[in-house]
Amino acid sequence: MTGRADSSASPPEKTVQRSKSFSLKAQVREVCATCQKTVYPMERVVADKHIFHLACFCCKHCNAKLSLGSYAALHGEFYCKPHFQQLFKSKGNYDEGFGRRQHKELWVAKSTESGTKTA
(Lines give C-alpha, C1' and ligand atoms only; values in the text may rest on other atoms or scores of the structure.)
Protein backbone atom coordinates (compact mmCIF):
# COMPACT_ATOMS: atom_id res chain seq x y z
CA MET A 1 0.00 0.00 0.00
CA THR A 2 2.80 2.44 0.71
CA GLY A 3 4.14 2.07 -2.83
CA ARG A 4 0.67 2.74 -4.14
CA ALA A 5 0.13 5.78 -1.91
CA ASP A 6 3.50 7.25 -2.95
CA SER A 7 2.73 6.92 -6.65
CA SER A 8 -0.73 8.45 -6.24
CA ALA A 9 0.64 11.29 -4.09
CA SER A 10 3.30 12.36 -6.60
CA PRO A 11 1.12 13.25 -9.62
CA PRO A 12 -1.30 15.54 -7.71
CA GLU A 13 1.65 17.55 -6.34
CA LYS A 14 2.99 18.02 -9.86
CA THR A 15 -0.38 19.09 -11.26
CA VAL A 16 -0.90 21.50 -8.35
CA GLN A 17 2.47 23.11 -9.06
CA ARG A 18 1.63 23.47 -12.74
CA SER A 19 -1.77 25.00 -12.02
CA LYS A 20 -0.23 27.46 -9.54
CA SER A 21 2.33 28.69 -12.04
CA PHE A 22 -0.35 28.93 -14.71
CA SER A 23 -2.72 30.83 -12.44
CA LEU A 24 -0.01 33.36 -11.57
CA LYS A 25 0.53 34.12 -15.24
CA ALA A 26 -3.21 34.33 -15.84
CA GLN A 27 -3.59 36.93 -13.06
CA VAL A 28 -1.35 39.44 -14.85
CA ARG A 29 -3.80 41.92 -16.33
CA GLU A 30 -2.67 44.36 -18.99
CA VAL A 31 -4.75 47.51 -19.41
CA CYS A 32 -5.10 49.65 -22.54
CA ALA A 33 -3.54 53.12 -22.14
CA THR A 34 -6.48 54.71 -23.98
CA CYS A 35 -9.65 52.99 -22.73
CA GLN A 36 -8.33 51.41 -19.49
CA LYS A 37 -9.91 48.03 -20.35
CA THR A 38 -8.20 44.63 -20.33
CA VAL A 39 -6.01 43.90 -23.35
CA TYR A 40 -5.81 40.29 -24.50
CA PRO A 41 -2.74 39.00 -26.36
CA MET A 42 -4.40 38.77 -29.80
CA GLU A 43 -5.41 42.46 -29.78
CA ARG A 44 -2.27 43.83 -28.06
CA VAL A 45 -0.02 46.55 -29.51
CA VAL A 46 2.97 47.93 -27.58
CA ALA A 47 4.32 51.34 -28.61
CA ASP A 48 6.82 53.32 -26.53
CA LYS A 49 6.18 51.05 -23.51
CA HIS A 50 2.42 51.74 -23.63
CA ILE A 51 -0.06 48.91 -24.25
CA PHE A 52 -3.07 49.44 -26.55
CA HIS A 53 -5.89 47.56 -28.22
CA LEU A 54 -5.47 47.55 -32.00
CA ALA A 55 -8.60 49.68 -32.28
CA CYS A 56 -7.48 52.16 -29.58
CA PHE A 57 -4.06 52.89 -31.11
CA CYS A 58 -5.11 56.09 -32.92
CA CYS A 59 -3.74 59.50 -33.88
CA LYS A 60 -4.49 62.17 -31.27
CA HIS A 61 -5.20 64.76 -33.98
CA CYS A 62 -7.39 62.87 -36.48
CA ASN A 63 -8.22 59.56 -34.70
CA ALA A 64 -6.92 57.51 -37.65
CA LYS A 65 -5.83 53.98 -36.73
CA LEU A 66 -2.08 53.72 -36.35
CA SER A 67 0.31 50.85 -36.91
CA LEU A 68 3.79 50.34 -35.50
CA GLY A 69 5.27 51.65 -38.75
CA SER A 70 3.01 54.67 -39.17
CA TYR A 71 3.16 56.60 -35.92
CA ALA A 72 5.28 59.24 -34.24
CA ALA A 73 5.21 59.89 -30.50
CA LEU A 74 5.93 63.02 -28.51
CA HIS A 75 5.48 63.44 -24.74
CA GLY A 76 3.43 60.22 -24.50
CA GLU A 77 0.99 61.24 -27.24
CA PHE A 78 0.74 59.42 -30.56
CA TYR A 79 0.22 60.93 -34.00
CA CYS A 80 0.07 59.70 -37.58
CA LYS A 81 3.19 60.76 -39.45
CA PRO A 82 1.43 63.31 -41.72
CA HIS A 83 -0.13 65.16 -38.77
CA PHE A 84 3.07 64.98 -36.75
CA GLN A 85 4.91 66.71 -39.59
CA GLN A 86 2.06 69.18 -40.14
CA LEU A 87 1.95 70.19 -36.47
CA PHE A 88 5.73 70.55 -36.36
CA LYS A 89 5.82 72.66 -39.53
CA SER A 90 2.95 74.92 -38.44
CA LYS A 91 5.07 76.56 -35.71
CA GLY A 92 8.56 75.38 -36.59
CA ASN A 93 9.21 73.65 -33.28
CA TYR A 94 7.90 70.70 -31.34
CA ASP A 95 6.69 72.52 -28.25
CA GLU A 96 4.59 75.32 -29.70
CA GLY A 97 3.24 73.19 -32.55
CA PHE A 98 1.93 70.63 -30.08
CA GLY A 99 0.44 73.11 -27.60
CA ARG A 100 3.27 73.29 -25.06
CA ARG A 101 5.34 76.20 -23.79
CA GLN A 102 8.56 76.77 -25.67
CA HIS A 103 11.81 75.90 -23.94
CA LYS A 104 13.11 79.42 -24.39
CA GLU A 105 10.17 80.73 -22.33
CA LEU A 106 11.09 78.30 -19.57
CA TRP A 107 14.71 79.51 -19.69
CA VAL A 108 13.61 83.16 -19.48
CA ALA A 109 11.38 82.34 -16.51
CA LYS A 110 14.27 80.58 -14.74
CA SER A 111 16.70 83.41 -15.42
CA THR A 112 14.27 86.06 -14.08
CA GLU A 113 13.67 83.93 -10.96
CA SER A 114 17.42 83.58 -10.36
CA GLY A 115 17.87 87.33 -11.06
CA THR A 116 15.28 88.29 -8.46
CA LYS A 117 16.84 86.00 -5.87
CA THR A 118 20.29 87.56 -6.26
CA ALA A 119 19.02 91.17 -6.30
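Of (1) modelled with pLDDT under 80; (2) among the charged types (D, E, K, R); (3) in contact with a Leu (Cβ under 7 Å, 6 or more places away or on another chain), Glu43 satisfies all except one. Which?
Here Glu43 clears every test but (1).
Which members of region 46-71 meet the condition of being assigned to a strand (DSSP E or B), more than 16 Å from Phe84 (Cα to Cα) and free of Cβ contacts under 8 Å to residues at least 12 places away in the same chain?
Scanning region 46-71 gives a single hit, Val46.
Which residue pairs have Cβ atoms closer than 9 Å, lie 6 or more positions apart in sequence or on different chains, and pair a first residue in region 26-45 that is over 19 Å from Leu66 (Cβ atoms) with a second residue that is open to solvent by 60 Å² or more (accessible area, probe 1.4 Å) and assigned to a loop (DSSP other than H, G, I, E, B)?
Thr38/Arg29
Consider Ser90 carefully, then state whether it is open to solvent by 70 Å² or more (accessible area, probe 1.4 Å), in a helix (DSSP H, G or I), modelled with pLDDT of 60 or more and among the hydroxyl-bearing types (Ser, Thr, Tyr).
It is true that Ser90 is open to solvent by 70 Å² or more (accessible area, probe 1.4 Å), in a helix (DSSP H, G or I), modelled with pLDDT of 60 or more and among the hydroxyl-bearing types (Ser, Thr, Tyr).
Output the qualifying pairs, or none if there are none: Cβ atoms under 6 angstrom, residues six or more apart or on different chains, first residue in region 74-87 and touching a residue at least 24 places away in the same chain (Cβ under 8 Å), second residue hydroxyl-bearing (Ser, Thr, Tyr).
If the second residue must be hydroxyl-bearing (Ser, Thr, Tyr), the pairs left are Phe78/Tyr71.
The values are calculated or read from the model by the stated rules, or taken from the named source; none is laboratory data. In this text, all values refer to a predicted model and were calculated from it rather than measured experimentally. Positions of Cβ are backbone-derived with ideal geometry, glycine not excepted, and every protein chain shown enters the neighbour counts. Surface areas here come from the heavy atoms of the whole protein model, side chains and all, with no ligands, DNA or RNA. Shrake-Rupley method; radii C 1.70, N 1.55, O 1.52, S 1.80 Å.
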